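Accompanying notes for the structure given below.
Read-outs: derived from the displayed coordinates by stated rules, not from any lab. Just so it is clear, the model here is predicted, and its values are computed rather than measured. Note: ideal-geometry Cβ built from the backbone for every residue, glycine included; neighbour counts use all protein chains shown.
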Amino acid sequence: MYSPVPDSVAPLPGFIVRYRNVWVVGLHVLLLACLTSALYAFGIIRYLPSNDTLFRWDVIWYNQIRESGYVYSETQMSNAAFFPMLPYVWRLSGLWLLGMSLLNASLFLAASAWLAHQLRLPPRLQLLLLSTPSLLFMVVPYTEALFFVFSTLLVLGLRRRRLWWWLLGLLGCGLTRSASTMFTPALVFMVFMWAMQPGQRKTAIVWGASGLGALLLSIGLVATTQWYQTGEPLGFIRAQKHWGHTLRALNFPFSDPSGIDVLWLDAQALWLGVAAAGLCTWLAWRWLLQWRQQRAFPILAPEVIFALGYCVGVTLFILSYQGGSLWNIGRYIFATPFFVVLVAYQASLPAWPWRRYLLIAAGTMLFWQVFGIYSLNFDTFSTGQAIWYFGLVTAYLVAYLAWRQLRWQREITMLLYVFNLVMLLHMLEGWLQYYVVQ
Amino acid sequence: MNPYVNDAPAFNQRLLRLLRQLTSLGSLLILLSACQVREQERCVLLDADFEQFEAWGAPIPPFLTKEQAHSGHYSFRLPQGAEYGGNYVTTLGKCATVPRRLRLSGWVYLPNGRIRSTVLVVQVLCHGRRPDVWEGLELSEKVKRYQTWESVEKYIRLPEDLNASDELKVYVWHADPNGEIILFDDLKVEGWQ
């Protein structure tokens, strides 16, 4: 179990201390409202979510399912590629675009307050995580909010050892989006690691087997719904090819159809996925050593292992099915409680020597060559400009990694918080204008 | 005081060492880039400011417009709904030696971000002798300021086995023709070894 170091705060009334994570969410909503209204009044942002601006991208498909159910086509794009939870919750709610967006935002805020409370997040870190730019998808009729709610349930189920939370969370995620693709390998990996911990073998196997059962049930429910409505039970798999989701070789340099204002997030999500893959490989190696030589095995909380496995799963999926095009990876990783769990875990570790951060930064700068920054493949940017762009991305990333030991932590947190919110509003404004922001 | 922060003198020493290393690295990079920048003989395969047609008195081609121009009066216009635009073709033999590298540059004017995927394509047609070369500059990924002229460029490495008779083709591919009208001006393709 881990518990991040709490901020040093002056004594506060008991009810504020007890529910401080709820108050932090309230403060965040207030600050976001202040910033949004100011930027809108000054004309710096010109579009806000409304019934006129929210009918964009996948919302059109979700609305089609909400209004008239599933349709499957063998030859062109069809709504069978989407999962039923969001459109049916939307239908049951009786809300229209703005109402559903507000419902999504409320669900996300409630789940995030609960998660922060359970993880005992320091208020400053909680505020920073609430400003993550990819959270723009929580205020549109997308699946991110429901996925966050159910993922929170499964994460907290693992943390509190509540089997029903875990199973309900997996089932809900599996009905919200194609989560089982990413969850199954993460779950199997977690069970192997968990079972190696002293006295945990039986628990790990029971949780693993029942978890797989919940994922299978979710797939069965989606298949049955689609079979009943379209006659094609595997529409949610077969329709993927019309979205270009087919197994393909990697194309270097990597690119991002969402463009340079989203690329920095997607690049960091890729970095996190690769780092998680490295950690999982190391864990697997230690697992083998423990199995063969009875060497001590590092104890990690199951929810942390699952979160690592999820990030690896998303990264492998994006790289295998999008061939070097990185769009969506940012929202799949950052707009989830798994990112919160990993940041909270990192914040709970003992301080690292600064030399380690320098090595990470140097390695990261080399890693950005996947975008061709040193070989003039980062179009329209000279090598110097590309190094500057990715240098800033690296500084941002290191600030998160070293957050727990920053000398000017309060100042840097507020700087990142405001920057994140401005980027969130900028990207949201682009999305509302039908620009490519995914 | 933050218990995680290392003691200041040791940290300062390390910082100084880091700064020295960074300075050395910076100098090396500057040296390397200076070597790289040294101008080699470049040939121009395309240089279009779209101003030449007016003086000939012939009808102005429909793909030109006076709506906006980066230089002069005319620019190239990709109309709304068009999937392809322009089709400039020349041979690599236009250069004294077959180039190994190309630099595509130009100015683009986007009305807004709803242009969808719009690619400035450079293709080398090898007529079956070897696979064609296809490289694209995706404008929607790089241009984030609208209703103003923005500079774009792309560097392309060519395979060694091209010859002078291979054809260079430059055109615009609007993969999702539901996007908006886009303007181009001062397009240039340079080649060198």
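A few notes on this one:
- In this Cβ point-charge picture (+1 for Lys and Arg, -1 for Asp and Glu), chain A has a dipole of about 1600 debye about its Cα centre.
- Take the Cα radius of gyration of the protein assembly as shown and divide it by 2.2 N^0.38 Å, N being the number of residues; the result is 1.06.
- Counting, for every residue in B:138-149, the Cβ atoms of other protein chains within 10 Å of its Cβ and taking the mean gives 4.
- The Stokes-Einstein estimate for the range B:55-127, based on a Kirkwood radius over Cα pairs and taken at 4 °C with 1.567 mPa s viscosity, is a diffusion coefficient of 84 µm²/s.
- With neighbours defined as other Cβ atoms within 10 Å of a residue's Cβ, the residues A:Tyr70, B:Tyr84 order from fewest to most as B:Tyr84, A:Tyr70.
- Each of B:Gly57, A:Trp285, A:Ala33 was placed along the dipole of the protein assembly as shown (beta-carbon charges, centred on the mean Cα), and the one lying farthest toward the positive end is A:Trp285.
- In Hz, Karplus ³J(HN,Hα) per residue of the range B:145-150 (6.51, -1.76, 1.60; θ = phi - 60°; x = Gly, Pro): 10, 10, 6, 7, 6, 10
- Counting Cβ atoms of other protein chains within 10 Å of each Cβ in B:116-125 and taking the mean gives 1.
- On the principal axes of its alpha-carbon atoms, the range A:218-325 has extents of 54, 39, 23 Å, going from largest to smallest.
- Derived scalar couplings ³J(HN,Hα) [the range A:132-144; Karplus, 6.51 cos²θ - 1.76 cosθ + 1.60; whole Hz; x for Gly, Pro]: 3, x, 5, 6, 4, 6, 7, 10, 10, x, 10, 7, 4
- Chain A: relative contact order in percent, alpha carbon pairs under 8 Å with at least 6 residues between: 22
- Fraction of the pair-distance distribution of the range A:75-224 above 23 Å, Cα-Cα pairs, percent: 44
- Couplings for the range A:29-39, taken from phi via the Karplus curve 6.51 cos²θ - 1.76 cosθ + 1.60 with θ = phi - 60°, read 4, 5, 5, 5, 5, 4, 5, 4, 5, 5, 5 Hz in order; Gly and Pro are left as x.
- The mean number of Cβ atoms from other chains found within 10 Å of a Cβ in peptide A:375-384 is 6, as a whole number.
- Relative to the compact-globule estimate of 2.2 N^0.38 Å, the Cα radius of gyration of the range B:43-192 comes out at 1.05.
- For q = 0.11, 0.14 Å⁻¹, Debye-computed log10 I/I(0) when each Cα of the range A:62-139 counts as one equal scatterer: -0.43, -0.62
- Packing order of peptides A:298-305, A:395-402, highest average first: A:298-305, A:395-402 (average count of other Cβ atoms within 10 Å over each peptide's residues).
- 11 Å tail of the calculated P(r), the range A:176-219, as % of Cα pairs: 62
- Solution diffusion estimate, µm²/s, Stokes-Einstein, the range A:292-436, Kirkwood Rh from C-alpha pairs, 10 °C, viscosity 1.306 mPa s: 88
- Note on the range A:366-421: semi-axes of the ellipsoid equivalent to its C-alpha gyration tensor, largest first and rounded to whole Å, are 28, 12, 8.
- This model, with +1 at the C-beta of Lys and Arg and -1 at the C-beta of Asp and Glu, gives the range B:43-192 a dipole about its Cα centre of some 280 debye.
- Likely footprinting exposure, A:Trp114, A:Trp90, fewest C-beta neighbours within 10 Å first: A:Trp114, A:Trp90
- Ordering A:Ser258, A:Leu170, B:Val133 by Cα displacement along the dipole of the protein assembly as shown toward the positive end leaves A:Leu170 in first place; charges were set at the Cβ atoms of Lys, Arg (+1) and Asp, Glu (-1).
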